[in-house]
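Okay, structure first, notes after.
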Number of protein chains: 2
Amino acid sequence: MPETDPTAPEPSSPSAPAFSSPPPSAPVPSSPSAPVPSSAPSASVAAAPYPFEFSLDDTALVIIDMQRDFVEPGGFGESLGNDVDQLRTVIPVLAEVLEKCRSAGLLVIHTREGHLPDLSDCPPSKLARGNPSQRIGDPSPNGRILIRGEKGHDIVPELYPIDGEPVIDKPGKGAFYATDFGSILAERGIRRLVVTGVTTEVCVHTTVREANDRGFECLVLSDCVGSYFPEFQRVGLEMIAAQGGIFGWTAPASAFLSALAGQAHTHVPGQQPLTALADPVRAG
Amino acid sequence: MPETDPTAPEPSSPSAPAFSSPPPSAPVPSSPSAPVPSSAPSASVAAAPYPFEFSLDDTALVIIDMQRDFVEPGGFGESLGNDVDQLRTVIPVLAEVLEKCRSAGLLVIHTREGHLPDLSDCPPSKLARGNPSQRIGDPSPNGRILIRGEKGHDIVPELYPIDGEPVIDKPGKGAFYATDFGSILAERGIRRLVVTGVTTEVCVHTTVREANDRGFECLVLSDCVGSYFPEFQRVGLEMIAAQGGIFGWTAPASAFLSALAGQAHTHVPGQQPLTALADPVRAG
């Protein structure tokens, strides 16, 4: 879909919402047990399939798996034959988003895919899948592959967590499964996620799907997520926003930053972020 | 990818496994706490990216959301402007797979997406998403939309559950979230899923991703899953099998049925299936 005008209707594409009719006349039933955003949204992002609304206090920036082994030359991802340049284009844009979110006082959460040194949290199916030449836990120039604490498993320097930013160590593709991610979001009243990282169709998509089922509103920043495969990048983004936003919204970083800029005055520069609670490497 | 020869290598596509090297020389670490298949696989399906192995006693056929409102003319899906014929091609092929799986004694599990009449299990975000002209819970010719117990919410007659086949009622796209699906699989020693139903990129994909993170091996039957959008169907299947099978395997129903035929003699025709435990409409 055209990022330059993400709200333009496209009647013949999957992005054209099946839900393209006028607003409903029927009343919306109340949903007493489901989570409700903590406050009315105060900012609006030009997004597909329609504007994404958020507030500073109920929204988190989520940076998924920007780990050395996935995005740096010489890492595990490249050793498997993948073109890491497809992912590295994300870094400078995402670094700007990260800096602006920090300045605005938005909660920032990082995730890392990896396993305990004894691999007790790694399903045999994951170890064996694909009959790989290098398996999880094997030695590599960046340390044991996808093992927590090893160099290759850690986040790239350009996007490194600072104090107060939770880091979710996850054994799967989704950030909710077998982690504290959902609890951390609930404790802080987060209902909306601005999702970034790699790869678009794998860990980003899986996390957005989990979040969507749990009632979160997700905005995926199209130039802050990356895939090794251009078609998966394009179609993966289209799948998010299709059918009236079946999984959520997509927008370029510039659209989000424009909306954020109108909100940033609510944060006092130099003030400790609201979220300085968790050690940056232990959550999850 | 070519369904006629799903195991053929395609070096320039995402389906070409990054993991295309010889088997590893390093030992595979043991994983004491992770689930292990209950027996050695006894059948092999010609699949992408490589053969899918299974046994009758550790494998279930999963039929996702083959509900009237999604696949029948005059239902909710069609009323939203979707072409249900894109999904209905699945029915005859899946009906044959279902019959053969029943004859072979394979566990069959159905899922349905929907909500309690008071909508207490429906996130506000899901109700409001897309500003639809018809919302979940609204009246329609098939009863209240996506409400459990209504006609439109139920499974199409061609694939209707029989006694002993659990039916998972799920509030989200994934079959694991907020349901008993994972418990039912664990109790019966199921480690492998043959996944079918609709839609490919939404509920099928989300369920496969959840299953994969939990250590299940998933085979998606390419002609037994359907999408309203042909590109999402094609690319959705490619995403499953890419990178050495990052989410699982894909194969046409014929390949699975060939492998199943070699196994069917282990079941005594007329014998009650092993799995006749649950009421067909209450699980989940």
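A short reminder: the numbers here are calculations on the coordinates, not readings from a lab. Computed from a predicted model, the values in this text were never measured in an experiment. We place every Cβ from the backbone using ideal geometry, glycine too, and count neighbours over all the protein chains shown.
Here are the numbers for this structure:
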read-out	value
For the range A:212-221, 3J(HN,Hα) per residue [Karplus equation, 6.51 cos²θ - 1.76 cosθ + 1.60, θ = phi - 60°, Hz, x = Gly/Pro]	4, 4, 8, x, 7, 9, 10, 10, 9, 7
Of all chain A residues, the one whose C-beta is nearest the axis that brings A onto B, in angstrom	A:235, 2
Whole-Å semi-axes of the range B:159-211's equivalent ellipsoid (Cα gyration tensor)	17, 14, 12
Sum of side-chain charges, residue B:257 neighbourhood, beta-carbon under 9 Å (Lys, Arg +1; Asp, Glu -1)	0
Shortest-first distances to equivalent copies, position residue A:231, nm, label 7 Å out along Cβ	1.2
Lysines with Cα under 28 Å of residue B:100, excluding same-chain neighbours fewer than 8 positions away	B:151, B:170, B:173
C-alpha center-to-center spacing [the range B:59-127, the range A:63-110] in angstrom	38
Shortest-first distances to equivalent copies, position residue B:81, nm, label 7 Å out along Cβ	4.1
Dimensionless Rg over Rh [the range B:58-283; C-alpha; Kirkwood]	0.95
